[in-house]
Amino acid sequence: MSSTPILELRGINKSFGAIQVLHSVDFRVYPGEVMALVGDNGAGKSTLVKCVAGIYPMDSGEILFDGAPVNIHGPRDAAALGIEIVYQDLALCDNLDIVQNMFLGRENLTSMRTLDEGAMERSARKTLAGLSVRTVKSVRQVVSDLSGGQRQTVAIAKAVLWNNRVVLLDEPTAALGVAQTDQVLSLVRRLATNGLGVVLISHNMNDVMKVADRITALYLGKVAAEVKTADITHAQVVELITAGRTGNIGLKPAEAAQSA
Amino acid sequence: MTEPTQTPPPPILANTAAAEAPTEAAFSVDAGATNLKDSVLAYVTRIRSGEVGALPAVAGLVVLLVVFSTTTKIFLTRGNLANLPTQAAPTILIGMGLVFVLLLGEIDLSAGTAAGLASAGMAIAVNFHGNIETQLKGGMFGAYIVVMVLALAVAARERLWPGVIAILFGGVVLVTHIGSNQVVAMLLAVTTGTAIGILTGFLRARVGIPSFVVTLALFLAWQGVLIQFLGAGNSFPTREFKTINALENTNISPVLSWVVLIVFVGGYGAFTLYTSIRRRAQQLSAAPVSIVIGRFAILALLGAFSVFFLNKNRNPNKGHVIRGLPWVVLLILVVLVAMTLLLSKTTFGRHLYAAGGNAEAARRAGIDVPRMRIAAFGISSSLAAIGGVVLASKQGGVPADAGGGNTLLFAVGAAVVGGTSLFGGRGRVRDAVLGGLVITIIPNGLQLHPNVGASYQYVITGGFLLVAAAVDALSRTRKPT
């Protein structure tokens, strides 16, 4: 694991009107690791992701990419850096096939300015094969014919196709069955194996314990703890999420109580 | 109209260990050509899941042909069958335009009256030697210019350059007198359609009025403007203007008819066969050659039969000989091929389908969805205006109700019967051709039954439309979500 985080957030503050949603949040992802971002509803997970995505402006704090400070003012800035966010509601077009979806908005063109279907199909197939995706019968299947897990796979593969370096996954397994969850989780693991920085936002502690290298727990807009998955138990993570502290890990008792 | 695109960097994963093993095995089904059996099975699966495509329209055509040819003597005569394409042409052309707005899940109720209004521009231009301002009194000419300028501004703001060029041309025709030329006058009609469509699209996409309301308002308004253009109770003849009149009333010579057939059907066959063989060679998913040849053979057979049939004299009376392919068939073929290529081979077409399938996904992919809407309305009204020109040619002039009445509803019906979804995201330009023929054959055949009243035309046409819409709706609900 490299010593420089691929993406680092320092002291992020964000308020909506009088309500402060994020209190000087620090957050790091290293290339080749899966960082889980956990927290109860309203802890600030989505707000943090939207700050990284450039959808919300931050009040203060800085974002470092590859160790260098960057400004993200909009989704395009994030995309230009190589940060891809796979949203819960997927953003695939049901009426288009897998190749068409993966290249949507970034189609390859022939010298005659027409769509280069051959090149796109080859790249799509190569990317899916590179992720060891075996569940899709044909890359020319229409998305409406795919299962939830297959759709999630396509959405994640789309992020990989464009050589992104950080992928943020918002609840990728929330709507999936057991077998499909396993498929998606192993895909998440392979993203990290391939050198990407992966942020997994999840409510499902089983998923988190299974796939994450480290866990950042948010409690009422503050980072309660950033711990290695190996150093912590399932029950302790739940305690971090619900109370902000567990044993000697987490916010100081006074601080946790005050936040609540 | 295409977006700037970048070539994707080679996927970083391709050179890692994970990529080695399963590259070919994972997609054995579609790597290389699929065989005939797989294709047939896939087609059956598609039909069962509700993706019926052109099947209902083709089935409807066959049923209607069989019913009318067995129950009447006249239906199968040359004179009657040759009427079908010319009767269907305005509906087909307006319907082809509507496919573009239907693909986005929108509707354009004003396409019919806009077509009528656009053709009035043409009729005035040729009847007044290009001096359009002499006929348009009481500020109407000024209003015409203002509409064109506004549309030009919108088109430029949205970077719709083909639209800008078209509207600029129309503006030049308006202020100069070159509209005395019939071809130029027809182009004035088309560009007027472009301007109307772009303004309609702007009201829908940027102002945010639902398309049903925008186009309902314009449907009413254009009827009034048309009456103002013509003067109360007036109508402008086009019969004596040879080029305009030729569209619906003259035919291509028999030899040229064969040439048209060979160019279009042969071109289709060569292109699809070449694509299939090349894709197979490149290990890409490809339709089996047998199916490609089969499709081509059916088309060639139908085409050859039609041309052979139409090349015989169909004038029942002695006198001059009527034979050959009607000119309007060539016009429809050209528009069909051009629009099909636009939808299937360009980023514009791809983005239109994406915006119709999931506007939010399209937006996140960086597609300017409102701009796509404006472009779709622009194309729709431009094609509708071509339909208006053809309608004028058929009627021999532009009356005060040109494009009114059921014109629009039949065109929407044509697209839907042909298989275009009202919910957006699914449809092809050819749907309007197939559906337009169905919609036209019904009244054509029924009028040959003296004991079946005209009232049945509407009921039966309505029934067909209901069935088509039901198939469309059911195919959506059957899909897994």
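The values are calculated or read from the model by the stated rules, or taken from the named source; none is laboratory data. Everything quoted here is computed from the prediction, not taken from an experiment. As a convention, Cβ positions derive from the backbone with ideal geometry for all residues, glycine included, and neighbour counts pool all protein chains shown.
Annotations
- Residue within segment A:141-155 that is within 7 Å of another protein chain (Cβ to nearest Cβ) and farther than 22 Å from A:Val198 by Cα present: yes
- Among (1) surrounded by fewer than 23 Cβ atoms within 10 Å (Cβ to Cβ); (2) within 14 Å of chain B (Cβ to nearest Cβ); (3) out of contact with any Lys or Arg (no Cβ under 7 Å at 6 or more places or on another chain); (4) of a type in the set (Asp, Glu), the one test that A:Glu84 misses: (1)
- Members of segment A:68-109 found to be at positive phi and over 20 Å from the mean Cα position of the chain (by Cα), listed by number: A:Gly105
- Any hit, segment B:117-140, residues being in contact with an Asp or Glu (Cβ under 8 Å, 6 or more places away or on another chain), touching a residue at least 12 places away in the same chain (Cβ under 8 Å) and in a helix (DSSP H, G or I): no
- Checked against the criterion of being surrounded by 21 or more Cβ atoms within 10 Å (Cβ to Cβ), closer than 17 Å to B:Asp108 by Cβ and out of contact with any Ser or Thr (no Cβ under 7 Å at 6 or more places or on another chain), the candidates B:Ala432, B:Ala411 yield just one match: B:Ala432.
- Exactly one residue out of A:Ala175, A:Ala179 is at pLDDT below 90, aliphatic (A, V, I, L, M) and either closer than 16 Å to A:Thr229 by Cβ or outside any loop (DSSP other than H, G, I, E, B) (or both), and it is A:Ala179.
- Helices (runs of 4 or more DSSP H) (entirely within segment A:34-123) containing at least 2 residues that are under 30 Å from B:Gly356 (Cα atoms) and in contact with a Cys (Cβ under 9 Å, 6 or more places away or on another chain): A:98-102
- Taking the criterion of being closer than 25 Å to A:Gly244 by Cα and small (Gly, Ala, Ser), the residues of segment A:39-67 that qualify are A:Gly39, A:Gly42, A:Ala43, A:Gly44, A:Ser46, A:Ser60, A:Gly61.
- Scope segment B:162-203; condition under 22 Å from B:Ile107 (Cα atoms) and either more than 21 Å from the chain's Cα centre (by Cα) or modelled with pLDDT under 95 (or both); matching residues: B:Phe202, B:Leu203
- Remark: pairs (first residue in segment B:276-301, under 16 Å from A:Glu117 (Cβ atoms) and free of Cβ contacts under 8 Å to residues at least 12 places away in the same chain; second residue part of a loop (DSSP other than H, G, I, E, B) and of a type in the set (A, V, I, L, M); Cβ separation under 9 Å; 6+ apart in sequence or on different chains) = B:Arg278/B:Leu284.
- In segment B:307-357, the residues that are within 14 Å of chain A (Cβ to nearest Cβ), without any contact (Cβ under 8 Å) to a residue 60 or more places away in the chain and in a loop (DSSP other than H, G, I, E, B): none
- Taken as a whole, the condition of being farther than 27 Å from A:Ser147 by Cα and without any contact (Cβ under 8 Å) to a residue 12 or more places away in the chain applies to A:Leu109.
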